[in-house]
1. Could you give every pair whose Cβ atoms fall below 8 Å, whose first residue belongs to region 87-110 and is of a type in the set (Lys, Arg), and whose second residue is at pLDDT 95 or above, counting only separations of at least 6 or pairs across chains?
2. Would you mind telling me which numbered condition in (1) in a loop (DSSP other than H, G, I, E, B); (2) surrounded by 16 or more Cβ atoms within 10 Å (Cβ to Cβ); (3) under 22 Å from the mean Cα position of the chain (by Cα); (4) not small (Gly, Ala, Ser) VAL99 fails?
3. Quick one: which residue in ARG231, ARG217, ARG271, ARG183 is closer than 17 Å to VAL78 by Cα and of a type in the set (Lys, Arg)?
4. Test of understanding: among GLN97, GLN59, which residue is of a type outside the set (A, V, I, L, M), at pLDDT 95 or above and touching a helix residue (DSSP H, G or I) at 6+ places or on another chain (Cβ under 8 Å)?
5. May I ask you to list the residues in region 156-205 that are of a type in the set (Ser, Thr, Tyr), open to solvent by less than 10 Å² (accessible area, probe 1.4 Å) and touching a residue at least 60 places away in the same chain (Cβ under 8 Å)?
6. Do you know which residues across region 5-29 are within 19 Å of the chain's Cα centre (by Cα), over 25 Å from ILE288 (Cα atoms) and surrounded by fewer than 21 Cβ atoms within 10 Å (Cβ to Cβ)?
7. I need the full set of residues from region 23-33 which are within 8 Å of the ligand (Cβ to nearest atom) and either out of contact with any His (no Cβ under 8 Å at 6 or more places or on another chain) or at pLDDT below 95 (or both), in order please.
Amino acid sequence: MTNQPLLRALRGDTVLPPPVWLMRQAGRYLPEYRALRKKARNFLHFCYTPELAVEATLQPVKRFGLDAAILFSDILTVPDALGVEMAFKEGEGPVLQPVDPERDLDRLDASALCEKLAPVYQAAAEVKRALAPETALIGFAGAPWTVAAYMLEGRTSRDYLVARRAMARSPDAFVGLIDLLVRATVDHLSAQIEAGADVVQLFESWSSVLNPAARRRWSIDPIEKIIQGVRAAHPDAPIIVFPRGAGVQIVDYAEAEPDGVGIDTATPLDRTGLPNDMCLQGNLDPAILIEGGEALKAATLAMVARMRGRPYIANLGHGVDLNTPPDHVAAFVDHVRHAGELSGDIGG
Ligand code: CP3
């Protein structure tokens, strides 16, 4: 048995009040993060310095009393560990040396991944030791398509046309890249669990740009393989999948058999088509969190009320925006915790 509300929800319990955390809960909207960030040479150095990563992970948990900490790191540490040259540029985001799957696969080396990412696992172990037993530690990785999209495109893009054309032109080469990322991701998630992560989440941030056949082949199937691989070694660690922008195909991600599914802002929480015993997570609009006040209270209460009677984790439908006043996050957590009482529900 576990006393972590997050784990109980992911194992299928209806938990009242629901556990709550926020995607991108650590970051530049927090003054204490901005102060800490100055101590690192650059963003990757920040991610690979356990002392800094541990502190950044704990900051939002200390401030807001959340039910989970998400390890401070990035989905692009995996291509970095595979040997892709990259930098995070101020105001521009990540810039990577673009990979051509028809030419460059031999140059990517997954064998030393866990060695290169050892500081990430060290940070996870230290966070775990610092957390109260009822607070879950979430490890994470990007899903293969989303990571491949950055590797092929070399930067953030609106439509990822370079990457989508590559999968159409040479699916055989694309299989090679996706399979490599599946193996690397199983290793990376397993190492985080071994270091102390209670739960792991796969971010499929760019499910939105895939056509239905591509979404099946390059997103859902690889995610299924990752879940099988991680579960074979770690049957007790729940896995959450967040396929942002999957539309009506969100229901097909159930075939990968995750323990929980993150729902984006555009999808009605009560019309996903996902099984009633599968834990849902989400999906408050980050814009409402920036606004705060009565709009935030009404939207949060309505969201929690809609999810009564099923396993559920309160969260946003996308990451916390840079312009979010920290006090609004505190108010959000408070509204979630009191939602049952206010709707005349005793809870428990
Ligand atoms: O609090 C947390 O959620 C934990 C840490 C975390 C970060 N990135 C830290 C970060 C997590 C879970 C991520 C995931 C991530 N990274 C995703 C998936 C979620 C999503 O947003 O769709 C993606 C696509 C990335 C890639 C990435 N990293 C981009 C595009 C950028 C630049 C844009 C931006 O938001 O600044 C980053 C940088 C990044 N990752 C920052 C943080 C706090 C900001 C960099 C800084 O502080 O200088």
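The values are calculated or read from the model by the stated rules, or taken from the named source; none is laboratory data. Since the structure is predicted, the reported quantities are computational estimates derived from the model, not experimental observations. As a convention, Cβ positions derive from the backbone with ideal geometry for all residues, glycine included, and neighbour counts pool all protein chains shown. In case anyone asks, the SASA skips ligands and DNA or RNA and just uses the protein heavy atoms, side chains included. Shrake-Rupley method; radii C 1.70, N 1.55, O 1.52, S 1.80 Å.
1. Cβ pairs passing all conditions: LYS89/VAL95; ARG107/GLY83.
2. Of the numbered conditions (1) in a loop (DSSP other than H, G, I, E, B); (2) surrounded by 16 or more Cβ atoms within 10 Å (Cβ to Cβ); (3) under 22 Å from the mean Cα position of the chain (by Cα); (4) not small (Gly, Ala, Ser), the odd one out for VAL99 is (3).
3. Just one listed residue meets the conditions, ARG183.
4. On the way: GLN97 fails: touching a helix residue (DSSP H, G or I) at 6+ places or on another chain (Cβ under 8 Å).
Just a single option satisfies the conditions, and that option is GLN59.
5. Answer for region 156-205, where residues must be of a type in the set (Ser, Thr, Tyr), open to solvent by less than 10 Å² (accessible area, probe 1.4 Å) and touching a residue at least 60 places away in the same chain (Cβ under 8 Å): just THR185.
6. Result: ARG8, ARG11.
7. Of everything in region 23-33, those that are within 8 Å of the ligand (Cβ to nearest atom) and either out of contact with any His (no Cβ under 8 Å at 6 or more places or on another chain) or at pLDDT below 95 (or both) turn out to be ARG24, GLN25, ALA26, GLY27, ARG28, TYR33.
Every residue, every condition in (1) within 26 Å of GLY260 (Cα to Cα); (2) in a loop (DSSP other than H, G, I, E, B), yes or no:
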| site | (1), (2) |
| --- | --- |
| ASN3 | yes, yes |
| ARG41 | no, yes |
| PHE46 | no, no |
| LEU52 | no, no |
| LEU58 | yes, no |
